[in-house]
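See structure below.
The values are calculated or read from the model by the stated rules, or taken from the named source; none is laboratory data. Keep in mind the model is a prediction, meaning the values are calculated, not measured. Cβ atoms come from the backbone with ideal geometry, glycine included; neighbour counts cover every protein chain shown.
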Amino acid sequence: MCGIVGYIGQQNAADIILNGLRKLEYRGYDSAGISTCENGQLHTARAKGKLVNLETQLKATPLNGSLGIGHTRWATHGKPSTDNAHPHRAGSFVVVHNGIIENHLELKQQLQEAGHTFKSETDSEIIAHLIEERHKQGATFVDAVREATHILAGAFAIVVISDKYPDQMIATKSGSPLVVGQGEHENFVASDIPAMLSHTREMIFLHDGEMVVCTRTGLNFIDFAGNSIEKSSKTITWSPLMAEKGGYRHFMLKEIHEQPRAIADTIAGRINKNKDSVVLAGSGIDPEGIKNVERIYIIACGTSWHAALVGKCLLEKYIRIPVEVDIASEFRYRNPLVTDKTLTILISQSGETADTLAALRETHDKGGKVLAICNVVESSIARDSDGVIYTHAGPEIGVASTKAFTTQLVALFMFTLYAGELRDSVDRQTRSDLIAELLTLPRKLEETLELDPLIEDAAKAYIHAHDFLYIGRGNQFPIALEGALKLKEISYIHAEGYPAGEMKHGPIALIDENMPVVCIAPYNHVFGKIVSNMEEVRTRGGQLITITDSILPSLEDNSNALFRVPTIHDDLMPLITTIPLQLLAYHIAVFKGTDVDQPRNLAKSVTVE
Ligand code: AGP
């Protein structure tokens, strides 16, 4: 997610903004820029890479003026570069933007036909041109911004300044965060509280569809219809460190709760108007190659490998060709069978995992094609693959992967529908039904997250356990593996994920009153089988923790703890059932006092073998 800071007041805007952007660095970014207005002139400095590069520029050529906006960019459309860095300018207007403009391609074409020329590959630049166009047609500054944002589809948080209006800074949002900081003879806007906390604790939270016109002496709030609205400020008592985590105790918990937004952002712009087709424009995928593929490998490590296992269930169900899943460190050394009709899908949050990158080389050396599912634009794996589907989870700071995992599952789900359409193996009605289910996911994840306090309360009973067993069937077996990995990597309690049907083949010997068994039991075609496995656990005195959408009363009676989740199409149920397991691992680890965000011995990205 990008970082935004705007300032209007009596001080040097560039200094205030640079310091504010530093407070947002934790969000991750790949370029940055600042624009200020001095004596009716706009000046801009932008730099690829870290803020220190921008700072070097500013030392050489300071930006003066007491009005300015700044931005740290997390690339989604267009590679990290100076030209793609914000702020973006069109005529007398400069803009910073956080979010994804879904209809940017059609708007860009309309603007080009109206004579506008573009300097960047970004979706954001069109906003500056839209405002300039409206202003050219006679709209006031406020109306130009209001009318321009009216036609944007997708999520945005925008701050605009102009050399024609040196006493105004306008901000507005829909779907991306924006906070107003109220000062004495100065006002601030930012994507997040930490950027302003050293100047003011009086914050006003903009809601979707609201705008604010900031001057040096006041704030005027209006709605998208242009009506004035009243807003009240909140006094923020957080410490700066707490503020970086949005008030959450750890980045991991913040990222668990960001999943509805991350998934909505990953879906955004990839479903057609009729909602019966997945659109992967710009992914670089060769449709002919997908039509003719005869074998698919899905290769990854850790949590991403668990996503790969879910992907296998989806692709084999709907594409009906062999899909093999391999751990990257195994794939690269087993001389795999690869031809020019082989597609290797690589899943990697960081895009830098050494073994997964090696699998890319192995596939290319043998003449195969590679499709990456990555969260970091222009990462090594993304850059060297033949096609890439970016997850739009935003930076994932916690070492334990959460929102990256669920957005990987969404990307695999959408790719399955995309490939099924190309290969005529998924008809339009099926695609339409599945897309309809997909679009309910953010809301159902919000509902699932409401279990958080219940899970925190239940977690206390398990912090002294030495071993956990997680069991699931079908597409829930990977979720059993993922739940076990979450627990072991942050609480240091040993945990194993197992196919539930394997219980009689060994694991049942482990069951006793000291063994918590997490059973993932969605109400699907194997529900009866998993209920039998639960009884096997109960009759041997095991402590049963059940995750289910079933309303069967006996489940409650037979479980030490039961977490009921919303129902969704079985193909999407893994995205729901994984949430309670993330929360269970998190709360057990917190009670145990481990370093949840930076667990011992682990790194966020394993860039060596
Ligand atoms: C999962 O919580 C871990 N952080 C780890 O297993 C991770 O999924 C694995 O290292 C793969 O990382 P990648 O997705 O960046 O390639």
Does Thr82 meet the test of being crowded, with 18+ Cβ neighbours inside 10 Å, of a type in the set (S, T, N, Q) and either in contact with a helix residue (DSSP H, G or I) (Cβ under 7 Å, 6 or more places away or on another chain) or in contact (Cβ under 8 Å) with a residue 24 or more places away in the chain (or both)?
no
Listed residues Leu562, Leu572, Leu544, Leu555; which is more than 15 Å from the ligand (Cβ to nearest atom), of a type in the set (A, V, I, L, M) and within 30 Å of Ser380 (Cα to Cα)?
Leu572
Of the residues that make up the stretch 132-149, is at least one within 20 Å of Gly226 (Cα to Cα), in a loop (DSSP other than H, G, I, E, B) and not small (Gly, Ala, Ser)?
yes
Which of the residues that make up the stretch 338-361 are more than 17 Å from Gln408 (Cβ to Cβ) and polar (S, T, N, Q)?
Thr339, Thr342
Restricted to the stretch 27-43 and to residues being among the polar types (S, T, N, Q) and buried (at least 20 other Cβ atoms within 10 Å of the Cβ), the residue nearest to Val399 (Cα to Cα) is Ser31
Pick from the stretch 494-524, criterion among the aliphatic types (A, V, I, L, M), assigned to a loop (DSSP other than H, G, I, E, B) and out of contact with any Asp or Glu (no Cβ under 7 Å at 6 or more places or on another chain), ranking: nearest to Gly593 (Cα to Cα):
Ile511
Any residue in the stretch 112-119 that is in contact (Cβ under 8 Å) with a residue 12 or more places away in the chain, assigned to a strand (DSSP E or B), at negative phi and in contact with an Asp or Glu (Cβ under 9 Å, 6 or more places away or on another chain)?
no
So, Leu422, is that one touching a residue at least 40 places away in the same chain (Cβ under 8 Å) and not aromatic (Phe, Trp, Tyr) or not?
yes
In the stretch 203-218, the residues that are crowded, with 18+ Cβ neighbours inside 10 Å and not in a loop (DSSP other than H, G, I, E, B)
Met203, Ile204, Glu210, Met211, Val212, Val213, Cys214
State all residues of the stretch 366-425 that are away from the ligand (no atom under 12 Å from the Cβ), over 30 Å from Gly246 (Cα atoms), of a type in the set (Val, Ile, Thr) and in contact with a strand residue (DSSP E or B) (Cβ under 6 Å, 6 or more places away or on another chain); if no residue qualifies, say none.
Val370, Val388
Would the stretch 495-516 turn up any residue that is touching a residue at least 60 places away in the same chain (Cβ under 8 Å) and buried (at least 24 other Cβ atoms within 10 Å of the Cβ)?
no
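Based on what the data block shows, is Gly246 touching a strand residue (DSSP E or B) at 6+ places or on another chain (Cβ under 7 Å) and surrounded by 15 or more Cβ atoms within 10 Å (Cβ to Cβ)?
no
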From the set of residues in the stretch 192-247 that are free of Cβ contacts under 8 Å to residues at least 60 places away in the same chain and aromatic (Phe, Trp, Tyr), which is nearest to Gly9 (Cα to Cα)?
Phe221
So which residues in the stretch 433-457 are closer than 15 Å to Val279 by Cα and either modelled with pLDDT under 95 or surrounded by 15 or more Cβ atoms within 10 Å (Cβ to Cβ) (or both), if there are any at all?
Leu434, Ile435, Leu438
Somewhere in the stretch 307-326, is a residue crowded, with 18+ Cβ neighbours inside 10 Å, out of contact with any Lys or Arg (no Cβ under 6 Å at 6 or more places or on another chain) and without any contact (Cβ under 8 Å) to a residue 24 or more places away in the chain?
yes
Quick one: in the stretch 309-355, which of the residues that are within 10 Å of the ligand (Cβ to nearest atom) and part of a helix (DSSP H, G or I) is modelled with the highest pLDDT?
Ala328
Is it true that Phe251 is more than 30 Å from Ala589 (Cβ to Cβ) and within 16 Å of the ligand (Cβ to nearest atom)?
no
Kindly provide the set of residues from the stretch 484-493 that are without any contact (Cβ under 8 Å) to a residue 40 or more places away in the chain and either small (Gly, Ala, Ser) or more than 16 Å from the ligand (Cβ to nearest atom) (or both), ordered by number.
Ala484
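Okay, residues lined up against (1) among the aliphatic types (A, V, I, L, M); (2) assigned to a helix (DSSP H, G or I):
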site: Gly367; (1), (2): no, no
site: Val370; (1), (2): yes, no
site: Val377; (1), (2): yes, no
site: Arg383; (1), (2): no, yes
site: Gly398; (1), (2): no, no
site: Ala404; (1), (2): yes, yes
site: Leu409; (1), (2): yes, yes
site: Phe415; (1), (2): no, yes
site: Tyr418; (1), (2): no, yes
Hey, can you tell me all the residues within the stretch 219-249 that are under 28 Å from His150 (Cα atoms) and in a loop (DSSP other than H, G, I, E, B)?
Phe224, Ala225, Gly226, Asn227, Ile229, Glu230, Lys231, Ser232, Ser233
Restricting attention to the stretch 162-197, which residues are of a type in the set (Ser, Thr, Tyr), in contact with a strand residue (DSSP E or B) (Cβ under 7 Å, 6 or more places away or on another chain) and more than 13 Å from Phe221 (Cα to Cα)?
Ser162, Ser174, Ser176, Ser191
Suppose the filter is in a helix (DSSP H, G or I) and more than 14 Å from the ligand (Cβ to nearest atom); does Glu362 pass it?
yes
So which residues in the stretch 548-605 are part of a helix (DSSP H, G or I) and modelled with pLDDT under 95?
Pro553, Ser554, Leu555, Glu556, Asp557
